[in-house]
1. For the stretch 83-136, compute the orientation-averaged projected area of the C-alpha convex hull (one quarter of its surface), in nm².
2. Report the residues of the stretch 45-83 in range of a label on ASP132: point 7 Å along Cα→C-beta, backbone N strictly under 16 Å from it.
3. Sort out for me the Cα centre separation of the stretch 94-136 from the stretch 5-52, rounded to whole Å.
4. Could you rank the peptides 88-101, 35-48 by their average count of other C-beta atoms within 10 Å per residue, with the highest value first?
5. For LYS91, go through the aspartates and glutamates and keep the ones whose alpha-carbon is under 15 Å away, minus same-chain ones fewer than eight residues off.
6. Given the DSSP H assignment, sum -39500 (n - 2.57) over each helix run of at least 4 residues in the chain and divide by its residue total; what's the result at 222 nm in deg cm²/dmol, nearest 500?
7. Convex hull over the alpha-carbon atoms of the stretch 7-131: what's its volume per residue in Å³?
8. Within the chain, which is the longest segment that contains none of the chymotrypsin sites (Phe, Trp or Tyr not before Pro) sitting in a DSSP loop with at most 16 other Cβ atoms within 10 Å?
Amino acid sequence: MSDFTARDLTEGLNGFLGFRLTDWRDGFAEISVDIADVHKNRQGGVHGGTMASLIDAATGFCGIFEPDPEKRRGNVTVSLTTTFVGRPKGKTLICTARVVKAGRRLYFSAAEVKDDLGNLIATADAVYAYTDVNAQRK
């Protein structure tokens, strides 16, 4: 683990869903969320969209680490493939993501989602394109 200080993500969907960036360093990110009603589907299980959003956030962060807080790097999702392999039995989802390969324009990442009891919930592979940090802002 790094000396990173965990922080709540407050912007957009990440903030709405209550995601927390718990570790972030070059080529790696970990984001967690405490499961609440807003994360569940009509059957009472965690919605696949919640897990896909958690994965998208973590795989996105792992490729744009910037140690200088005054600087930000931008990216957009090109591809996200998610495989759901189990149901959480714990109270928290934890997604760890790492960069598999990075080039000048794209990076490839992989992720796992586990619950706080260590149960594997989902795996994923993602591709991102680097962008200007303000490319999507209007």
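Values in this text are rule-based calculations from the coordinates and carry no lab data. Please read all numbers here as calculations on a predicted model, not as lab measurements. Please note: Cβ atoms are built from the backbone with ideal geometry, for glycine as well, and neighbour counts cover all protein chains shown.
1. 4.8 nm²
2. Answer for this model: 72-76.
3. Cα centres, the stretch 94-136 to the stretch 5-52: 13 Å.
4. The peptides rank, most packed first, as 88-101, 35-48.
5. Correct list for LYS91: ASP34, ASP37, ASP115, ASP116.
6. Result for the chain: -4500 deg cm²/dmol, rounded to the nearest 500.
7. That works out to 100 Å³ per residue.
8. Excluding the exposed sites themselves, the longest stretch runs over 66-138.
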